[in-house]
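The structure appears below as structure tokens.
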Amino acid sequence: MKILLKNGRILDPSQDLDFVGSLVIEDDQIVEYGETVDETDVDDLFDCTGYWITPGLVDPHCHLREPGGEHKETIVTGTQSAAAGGFTTVCCMPNTNPPLDNPALIDFLLDRAASPEAGGVFVAPVGALTKGMRGEELADLAALKSAGIVAASDEGFPIQDALVMTKAMEFCVQLDLPVLAHCEDANLARHGSMNEGAMSAMLGLKGVPRTAEDIAVMRNCLLSLNTGCELHIMRVSTWSSVEMIRQAKYLGAPVTCEVVPQHFIFTEEDVAEFDSHFKMQPPLRTQVDVDIILQAIADGTIDCIASDHSPHASHEVHAPFDDAPFGMVGFESVLAATLTHLTHNGILSPLETVRKLSTAPAKILRLDGGSLKPGETPVAQVTVIDPELEWTFDVAKTFSKGKNTAFNGMPFKGKALLTFCGSEIYRDAHFDGGRLQMVG
Amino acid sequence: MGRNLLAIRHLEKSDIETLLERGAEFKRAVVAGKKLPQLGQYVVGMLFFEGSTRTRVSFEQAAHYLGLKTANFGAAGSSMGKGETFKDTILTLRYERLNALVIRHRSSGTPILAARYFGAPVLNAGDGQHEHPTQALGDALTILERKGSLKGLTVAIVGDVEHSRVARSNAWLLHKMGASVRFVGPRTLMPSHTSMLPGSVYYDLENGVADADVIICLRLQRERMSEGLVSSSGEYAKLYQINRDTLRFAKDDCLVMHPGPLNRGVEVDDTAADFDRSAITDQIGNGIFVRMAALHWVFTEEPPKPKAPAKPKARPKRRPAPKTKANV
């Protein structure tokens, strides 16, 4: 089977490629790209004129909810949603029920992800750092790594004890595993449901102070510097955290970080009407934070953009603000939100956009992907993006079971139209059928 | 259709004036034994998801005077206690043809959520730490009776401002009506950011109540001690109690108020609670009349004109793009 993607703008940050040309996928592998390629014996041809041909998007941080949260999402629906969002590899967090703290669960998850009905994307599991994610005893990390985890994290239940975190980091250095950290001091954040600030004071909602994040970021950066552990800080939300990460990098700590779109688009003011679709963890901060985050995205301090895809059932979201769960779905909005708010605003070039969404997260988590180089990945991971397509996000049409998003009804510019993980796994309705031609 | 009464913050000054005038009219009519408007065709659901005696009784009494029928729901016996979601509970009451809901809930913003689903008047009877609009209306009516006007008054709200819905509603109402509001209390019980609240902050009681026309004491919850926010009720009383000594700093005719229930000897001493300038019992009585006004208002007033359809939330232009070498 030979597939030709023709006349697209080929963007590959791993090789600093940005030119108009074609790419050939044969027997599920990228075999060639260039301004001109061998077009003989092509089975499928996709005219990509005006589109970007990029490495498949890689999500360093999502939630597939299975096992235990199947009413919110399953591996099947989650991976279908990921494919529709242009992702070819997604890293799922361990806060399932039970948590991903033993190899049998990793086996189960990988089996489900590889099933024919799943979305066809690669699922890279992140194992629990401590047993039950209780922050006390280390999980069987060596066994988990053998089972297939790509990193370790206690996700939304961050380790509070600095000694336990140190030992966890040391063990992960030995196992050559990155540690993913949601940085939050649990005591400072306790019972908080939005940013602590003028808005929370007015609304009478318990706030999460920025220091809850900052203290944990600083502690974890220092521990990373001390242990040499590769630390990836998830969903940075404060300007002060950004500044600390910048300093930690300057000092030589092996620290990377991500941001999620809601933290560079929305602010605490969006909570004014108590709409729980804006209840995030960490909470939406202030315009100052947003401005500094945008600068940090542009200057590279923030390495990558994640979805933090967090599906919840509608009855859970349509609850009093204090009772509603944190987070929102993201697979099918993160690319569009990034293109709309960063790329088309001149904050990121197309090549840097692809780096933040594909090449950088693949490198941080040492995953196959993030490159169009022939032979670089066992199977082709390619996404075709229309950067100019203007559309309105309608959560009712998404593949995810979760319909909780603050982006519903929002106009976007840019969308993934085709996703290849080996062969084609997703084709958007906006992809002009007329462009598809069988070459006899 | 009718209107909602969700928060003082959302009300226009003219709405507040209407409610206060109507409350005063109802009081005169009740005291004089005059005939009151009867809204007997309506049934009001009383949803108290949080324990309350005085507010519930006050609303029921107000409904009774207006000939309204009431249906009572409590947290323990409600379907939510059996696992039903908040949304489904509200929708059920809507289709059971209740005509209005009075809601108290421990979570801020819950009446606003209920109003989205209910489609008929919703009245906030206290939501979390957010607002308690009818308490503020009753307090305002009490001040008006004693002082004649709200405009130009200096009102000190003393105590646990951080956790007080009464403080927020009172501050918004008094500010909108031209009074000067001071929040007085320890830093541990004061919001750390007060720029969006309509009042100035004092941590010292003497300065906070200096030349005040009105002092509104806030109830100190005992749990604040266990949370480590106050060392002891004794120390709190020493620093923030309104009593004969501390009243000397306020104006001679300063009114003392308290939403109740009182912790005598903590927020106020007997002298302050019972002396002739205490308006605490008036507040209770006036609470009924403003709740009558509120119930009458939501059924008889036209809802505000719908705003223009909300624009989509794309707002890339409100911030300048950082300088970068990147270009699309």
Single residue of B:163, B:175, B:132 found to be surrounded by fewer than 24 Cβ atoms within 10 Å (Cβ to Cβ) and within 13 Å of the chain's Cα centre (by Cα): B:163
Complete set of residues in segment B:38-81 that are touching a Ser or Thr at 6+ places or on another chain (Cβ under 9 Å), at pLDDT 95 or above and surrounded by fewer than 20 Cβ atoms within 10 Å (Cβ to Cβ): B:43, B:60, B:64
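Residue-by-condition table, conditions (1) touching a Cys at 6+ places or on another chain (Cβ under 9 Å); (2) within 7 Å of another protein chain (Cβ to nearest Cβ); (3) buried (at least 22 other Cβ atoms within 10 Å of the Cβ):
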| site | (1), (2), (3) |
| --- | --- |
| A:278 | no, no, yes |
| A:284 | no, no, yes |
| A:288 | no, no, no |
| A:296 | yes, no, yes |
| A:299 | no, no, no |
| A:306 | yes, no, yes |
| A:314 | no, no, no |
| A:321 | no, yes, yes |
| A:333 | no, no, yes |
Whichever residue in segment A:1-59 is small (Gly, Ala, Ser) and in a strand (DSSP E or B) and, among such residues, is farthest from residue A:333 (Cα to Cα): A:34
Selection count, segment B:164-210, where residues are within 25 Å of residue B:55 (Cβ to Cβ), away from every other protein chain (no Cβ under 14 Å) and small (Gly, Ala, Ser): 1
Residue in segment A:275-285 that is within 29 Å of residue A:314 (Cα to Cα), in contact with a His (Cβ under 9 Å, 6 or more places away or on another chain) and of a type in the set (Phe, Trp, Tyr) present: no
Count - residues of segment B:11-40 that are without any contact (Cβ under 8 Å) to a residue 24 or more places away in the chain and of a type outside the set (D, E, K, R): 5
Checking residue A:163 against (1) aliphatic (A, V, I, L, M); (2) within 14 Å of chain B (Cβ to nearest Cβ); (3) free of Cβ contacts under 8 Å to residues at least 12 places away in the same chain, the condition it does not meet: (2)
Complete set of residues in segment A:191-208 that are hydrophobic (A, V, I, L, M, F, W, C), buried (at least 24 other Cβ atoms within 10 Å of the Cβ) and either under 16 Å from residue B:197 (Cα atoms) or within 9 Å of another protein chain (Cβ to nearest Cβ) (or both): A:203, A:205
Residue in segment A:352-371 that is among the hydrophobic types (A, V, I, L, M, F, W, C), away from chain B (no Cβ under 14 Å) and more than 19 Å from residue A:301 (Cα to Cα) present: yes
Residues of segment A:172-199 that turn out to be in a helix (DSSP H, G or I), out of contact with any helix residue (DSSP H, G or I) (no Cβ under 7 Å at 6 or more places or on another chain) and closer than 30 Å to residue B:170 by Cα, as a count: 1
Residues of segment A:74-115 classified as within 15 Å of residue A:330 (Cβ to Cβ), assigned to a helix (DSSP H, G or I) and of a type in the set (Gly, Ala, Ser), total: 5
Matching residues in segment A:18-38 - criterion: being over 15 Å from residue A:384 (Cα atoms) and in contact (Cβ under 8 Å) with a residue 40 or more places away in the chain: A:28, A:29, A:31, A:32
Total residues in segment A:241-276, condition among the small types (Gly, Ala, Ser), surrounded by fewer than 17 Cβ atoms within 10 Å (Cβ to Cβ) and without any contact (Cβ under 8 Å) to a residue 60 or more places away in the chain: 1
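The values are calculated or read from the model by the stated rules, or taken from the named source; none is laboratory data. The shown structure was predicted, so the numbers you read here are calculated from the model rather than taken from an experiment. So basically every Cβ, Gly included, is an ideal-geometry build from the backbone, and we count neighbours across all protein chains shown.
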